[in-house]
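Chemist: Sharing a structure with you now.
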Amino acid sequence: MSALLELENVSRHYAVSGGLLGLRHGLVRAVDGVSLTVDAGASLGLVGESGCGKSTLARCILGLEQLEGGAIRFQGRDITDWPQTELRRQMQMVFQDPYSSLNPRMSVGAIVAEPLTIHGLGTAAERKAKTLALLRTVGLDTDMARRYPHQLSGGQRQRVAVARALALSPALVVCDEPVSALDVSIQAQVLLLLQDLRTRLGLTYLFISHDLAVVGQICDRIAVMYLGRVVELGPAETLINDPRHPYTRVLLSAVPVPDPGHKRNRENLTGELPSPLNPPSGCPFHPRCPQVMDICRHEFPQAFSTGEARLAHCWLHKPA
Ligand code: SF4
């Protein structure tokens, strides 16, 4: 597989200013030195607590944020060299809340057809035929085209959002917490739909979630983020079965186990997520880490290999 998306040392910082004179008094490193690749047809999960920088990173990839440093290449070409309209066609997004992401005054048919209309693709008859085909692709009855978002269930609304995202046949679909606003039973249906579409249409996903269990169901690889940095990266199965970074272990221990006979050792997080305005020195996870060592308080850990195609930014994995 070739790389569809390559991130090299990507950083996005925000200056914080205030007071009467509007003086700058800090810098939030929302994304700080992230390097990743996503192969064509693959699915990469970005996981972490709220505020860890995963959604900002997605906005950087979509070309909606200006980088402080690093580069993002899509199909081998820097995203700043892409015409915005072409980048919009190639990358589409599915949002967390399907109710607020769909215009309540537009019918389902108009919502799904909107990207085709904006990009001036096809005649009115062709757009209508494509809209009905998209509704069938996402498992909705074509009669739905005449309905409005408030007449649909949460799962149906998210299917409409997926159909709209597919209208332009994008190469990359960024799913930002696409099931977290849905009931658990509906979550499973939407995840199955996304898996099925990936296989049938050869889609590439960047899948953002705070829930490792959800990401584990749909992604081949997972990047765990903490305070703007990737702290562990690896194949989904091995990362979930054998997490190497203490933060990944804490995230996993919070995932409910469906088998009542099986108990997972619970590792609780101590303390709050530190302010990104004033991140801790050394390893940013050190104030909350159950395995903290002296070096962790002073030196940021580089990426150490923890197995095949795996790495973790953690001093515990420094080769002896
Ligand atoms: Fe914990 Fe130290 Fe590893 Fe950071 S580097 S995760 S503080 S053991």
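Chemist: Rounded to a whole number, what is D in µm²/s for the stretch 1-92 from Stokes-Einstein with the Kirkwood radius over alpha-carbon pairs (37 °C, 0.692 mPa s)?
Modeler: 228 µm²/s
Chemist: With a probe of 1.4 Å, find how much accessible area the chain has per residue, and write the answer as a whole number in Å².
Modeler: Here the per-residue accessible area is 48 Å².
Chemist: Moving to a separate point now. Roughly speaking, what is the centre-to-centre gap between the stretch 123-158 and the stretch 284-302 when only Cα atoms are used, to the nearest Å?
Modeler: Cα centroid to Cα centroid, the span is 51 Å.
Chemist: When 1/r is averaged over all different Cα pairs and the result inverted, which Kirkwood radius in Å belongs to the stretch 31-77?
Modeler: Kirkwood radius, the stretch 31-77: 11.9 Å.
Chemist: Of TYR226, TYR99, which has the most accessible area with a 1.4 Å probe, and how do the rest follow in descending order?
Modeler: Heavy-atom accessible area, descending, gives TYR99, TYR226.
Chemist: What share of the DSSP beta bridges in the chain is antiparallel, in percent to the nearest 5?
Modeler: Beta bridges within the chain, antiparallel portion: roughly 65 percent.
Chemist: What percentage of all Cα-Cα pairs in the chain are separated by more than 25 Å?
Modeler: 54 percent
Chemist: Ok, one more. Taking θ = phi - 60°, what integer Hz values does the Karplus form 6.51 cos²θ - 1.76 cosθ + 1.60 yield along the stretch 214-225, in sequence order, with x for Gly and Pro?
Modeler: 5, 4, x, 6, 10, 10, 7, 10, 10, 10, 9, 10
Chemist: Here is a further query. What figure in square angstrom, to the nearest 10, would you give for the accessible area of PHE304 with a 1.4 Å probe?
Modeler: About 20 Å², ignoring ligands and nucleic acids.
Chemist: Compute the normalised compactness of the stretch 176-234: alpha-carbon radius of gyration over 2.2 N^0.38 Å, N being the residue count.
Modeler: 1.17
Chemist: Can I ask one more? Can you pull the accessible area of CYS283 for me, 1.4 Å probe, Å² to the nearest 10?
Modeler: 20 Å²
Chemist: Restricting attention to the alpha-carbon atoms of the stretch 131-199, what are Rg (one decimal) and Dmax (integer), both in Å?
Modeler: 11.6, 31
Chemist: OK, next. Relative contact order for the chain: what percent, with Cα pairs under 8 Å and sequence separation of 6 or more?
Modeler: Across the chain, relative contact order equals 19 percent.
Chemist: Using a 1.4 Å probe on the protein heavy atoms only, what accessible surface does ILE208 show? Give it in Å² to the nearest 10.
Modeler: 0 Å²
Chemist: Leaving ligands, DNA and RNA out of it, report the carbon-plus-sulfur percent of the accessible area of the chain at a 1.4 Å probe.
Modeler: Roughly 51 percent, rounded to a whole number.
The values are calculated or read from the model by the stated rules, or taken from the named source; none is laboratory data. What you see is a predicted model; the values in this text were computed from it and never measured. Side chains included, ligands, DNA and RNA excluded: accessible areas come from the protein's heavy atoms. Shrake-Rupley method; radii C 1.70, N 1.55, O 1.52, S 1.80 Å.
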